[in-house]
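Following: one structure in structure tokens, then a few remarks.
The values are calculated or read from the model by the stated rules, or taken from the named source; none is laboratory data. No experiment lies behind these values; they were computed from the predicted model shown. Backbone-built Cβ (ideal geometry, glycine too); neighbour counts: all protein chains shown.
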Amino acid sequence: MSEALSNGSAPILAVDEVSVSLAGREVLRDVSFAIESGEFTGLIGSNGAGKTTLFRVILGLQAAHGTVLVGGAPRSRRNPLIGYVPQKFQLDPDVPLRARDLVALGLDAHRYGIATPSRARRARVEEMLEAVDARDFADARVGTLSGGEQQRVLIAHALIAAPKLLLLDEPLANLDLRSGHEVVALLARITSEQRIAVLISAHEMNPLLPVIDRIVYLAAGRAASGTTEEVVRTSVLSALYGHHVDVLQVHGRVLVVAGEAGELADTSDHSHTQTQVEIVS
Ligand SMILES: Nc1ncnc2c1ncn2[C@@H]1O[C@H](COP(=O)(O)OP(=O)(O)OP(=O)(O)O)[C@@H](O)[C@H]1O
Ligand SMILES: [Mg+2]
């Protein structure tokens, strides 16, 4: 561990001037931000904004220009400092993998091969099942669980090896409001209890606002980062999108309305073409 890390001054994740081109198109351009231990950060962007691509860069799975430091060291594959909950997870109900088996596999995620079961290992699995309130369905097949139950098991799977940085790619996408709240509350509790940093992606920031410390907002391949107050502003988001964006307060919530490029030249309110609308509380 470097000196900078041991005195807590280095960010757990530092993304500096990252650019990615895929199939001849620049998906990410000069994306820079940093995350400190214990921080809960929302990675917000609409479909195709580059959220999954950015996760793959951090995980060392996607070639990129620029620098990514994880715990002060260059990014690498199978980094034990990182826990990851991918966007897509589908398991057939017939697959005989119980929730507790999937959680246990998280202990082997950064190693090659599977370790033999041990008492310490079983105790750690129980501890994680408890931490995510999954003991009631610990022996059920993962493929038979509801979306919210699966998310909790996947979070336990990602956390069991005690990472310092937890990446979650749209974990709320298929959850109803209540399950979403439960998962967010669970993550907020784990972040503060274990002093880990969480980067969670979503296309809708509303459910995350009560708990996120910071936001990384992706649009047009570029990122704006800071506190929600610093980023979710007409001036900042307009500069990011490259055209005018309204940030409106409605009944204590914020509505972000992004019109078409060129709209600035048009003064008619009725001409707005809404390409993106987000409700933010
Ligand atoms: N392997 C690839 N080859 C070519 N283009 C790709 C590849 N992977 C992603 N892209 C493109 O890069 C852009 C960003 O994709 P990405 O999956 O990172 O977006 P996202 O923000 O995660 O979107 P969503 O909210 O839909 O998950 C998209 O336009 C996508 O089509
Ligand atoms: Mg994605």
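When Gly48 is tested against (1) within 16 Å of ligand 1 (Cβ to nearest atom); (2) touching a residue at least 40 places away in the same chain (Cβ under 8 Å), just one condition goes unmet, and that condition is (2). Tallying residues that are surrounded by 14 or more Cβ atoms within 10 Å (Cβ to Cβ) and modelled with pLDDT of 90 or more within segment 106-125 yields 3.
Residue-wise test of (1) at pLDDT 70 or above; (2) closer than 24 Å to Asp16 by Cβ; (3) not assigned by TED's automatic domain parsing to the domain that holds Leu167.
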position: Ala202; (1), (2), (3): yes, yes, no
position: Leu218; (1), (2), (3): yes, yes, no
position: Ala223; (1), (2), (3): yes, yes, no
position: Gln249; (1), (2), (3): yes, no, yes
position: Gln274; (1), (2), (3): no, no, yes
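Taking the condition surrounded by fewer than 22 Cβ atoms within 10 Å (Cβ to Cβ) and either assigned to a loop (DSSP other than H, G, I, E, B) or among the aliphatic types (A, V, I, L, M) (or both), does Val211 pass? Judged against the criteria, Val211 is a match. Of the residues screened, Arg152 is one that is modelled with pLDDT of 90 or more and either in a helix (DSSP H, G or I) or at negative phi (or both).
Here Val232 meets the list (1) within 12 Å of the chain's Cα centre (by Cα); (2) closer than 24 Å to Ala14 by Cβ almost entirely, failing just condition (1).
Candidates in segment 167-202 are the residues that are surrounded by fewer than 17 Cβ atoms within 10 Å (Cβ to Cβ) and part of a loop (DSSP other than H, G, I, E, B); of these, the one that is farthest from ligand 1 (Cβ to nearest atom) is Arg195.
Taken over segment 34-90, the criterion of being exposed (fewer than 15 other Cβ atoms within 10 Å of the Cβ) and either in a strand (DSSP E or B) or touching an Asp or Glu at 6+ places or on another chain (Cβ under 6 Å) (or both) is satisfied by His65, Thr67, Ala73, Pro74, Gln87.
For segment 51-68, a residue qualifies if it is charged (D, E, K, R) and within 20 Å of Pro80 (Cα to Cα), and exactly one does: Arg56.
Restricting to segment 204-216, give me the number of residues that are within 17 Å of Arg253 (Cβ to Cβ) and either within 16 Å of ligand 2 (Cβ to nearest atom) or at pLDDT 95 or above (or both). Show your work before the answer.
Going residue by residue through segment 204-216, those that are within 17 Å of Arg253 (Cβ to Cβ) are 204-212, 215.
If we keep only those that are either within 16 Å of ligand 2 (Cβ to nearest atom) or at pLDDT 95 or above (or both) too, we end up with 204-205, 208, 215.
Qualifying residue count for the region: 4.
Taking residues in segment 24-41 that are on the phi > 0 side of the Ramachandran plot, and partners anywhere that are in a loop (DSSP other than H, G, I, E, B), the pairs with Cβ atoms closer than 8 Å and at least 6 places apart or on different chains are Gly38/Arg195; Gly38/Ile196.
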